[in-house]
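Engineer: My questions all concern the structure below.
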Amino acid sequence: MTVSVYSYTIYHSPNAHLGTVLLRRAMSDLPGVALVRRPIYVPRERGLMIADLLGGKENKNAGSYSREDCRRWSERFSIPVSYPDPNVFHERAQRWATSPFDREELPARAFYAADPGKRDCLDQLLFEAAWVEGLDVNEPATIGWAAERAGLDPKHLMAALNEPGPAAKTRSALEEFERLQCPGVPTVIVDGRRFFGKDRVDWVADFCRAQAAVHQTVA
């Protein structure tokens, strides 16, 4: 029996980027465990930040600390992270306000529209686009950049993500995120248990080992 690890994130989150890389590494040698990626989006009417989505606000000290802390994690675990200038976010936010898609909706739809065999690669490349190349994942050109490198046809993917199916899956992922009372990104759900933050990856791995052993015993 497979233990499913549900991973809820957005792409333009350094914590989600770092946490997902670490999660993939931790799971690479865990038999009987499957990573199920569930990228979400931030509805325009809820704000632009995950903190807005969850009914709170992020103070400036927390924001500056997060940048500092993520750099330390990047260096400690050899995960490339290139932070854009703080002004870049505000410039992008102005574009997002008039975009036909909500924040993170475009990359999430692209993920669900992609061929299942290519999703894993596309997922990693979307993080790379945001945190190595400094690109805006909410732009069609960035989706095309990632799609091409993942071995997907960019034009076909852009057409597919506008279909009802990917839109419904994107909404479903957000509904799950809220129903499961996820406190932020990255959040991992294993057998109904919540693990929030990039510093909980080891806990996830330990729990998965324990659950896999239980399932083996039952089988």
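Throughout, read-outs are computed from the coordinates displayed, never taken from laboratory work. All values reported here derive from a predicted model rather than from experimental measurement. Note that each Cβ is placed from the backbone with ideal geometry, even for glycine, and that neighbours are counted across all protein chains shown.
Engineer: Going toward the positive end of the dipole of the chain, with +1 on Lys and Arg Cβ and -1 on Asp and Glu Cβ, which of Ser99, Leu135, Ala62 do you reach last?
Structural biologist: With unit charges placed on the Cβ atoms, the residue in question is Ala62.
Engineer: Which residue fluctuates most in the GNM of the chain (Cα springs below 10 Å): Trp145, Trp203, Trp73?
Structural biologist: Per the Cα network of the chain with a 10 Å cutoff, Trp203 tops the list.
Engineer: Once both axes come from the Cα atoms, what is the angle between helix 140-149 and the longest principal axis of the chain, in degrees from 0 to 90, rounded to 10?
Structural biologist: Between the helix axis and the principal axis of the chain, the angle is about 40 degrees.
Engineer: Taking Kirkwood radius over Cα pairs in Å straight from the coordinates, which label in [x] 17.2; [y] 17.9; [z] 18.5 is the correct one?
Structural biologist: [y]
Engineer: Run the count for the chain, please: Lys pairs, Cα-Cα under 27 angstrom, 8 or more apart or on different chains.
Structural biologist: Pairs that pass both the separation and distance tests number 7.
Engineer: What percent antiparallel are the DSSP beta bridges of the chain, to the nearest 5?
Structural biologist: DSSP beta bridges in the chain are roughly 55 percent antiparallel.
Engineer: OK, next. How far is helix 86-96 tilted, in degrees, relative to the longest principal axis of the Cα atoms in the chain, given as a value from 0 to 90 rounded to the nearest 10?
Structural biologist: Approximately 80 degrees, to the nearest 10.
Engineer: What 222 nm value per residue comes from the helices of the chain, counting each DSSP H run with n ≥ 4 as -39,500 (n - 2.57) and dividing by all residues, nearest 500 deg cm²/dmol?
Structural biologist: About -17500 deg cm²/dmol.
Engineer: Here's something else I'd like to know. Once you keep just the Cα pairs under 8 angstrom separated by 6 or more residues, what percentage relative contact order results for region 3-218?
Structural biologist: 32 percent
Engineer: Now, a different point. Helix 14-27 sits at what angle to the longest principal axis of the chain, using alpha carbons and giving 0 to 90 degrees rounded to 10?
Structural biologist: 30 degrees
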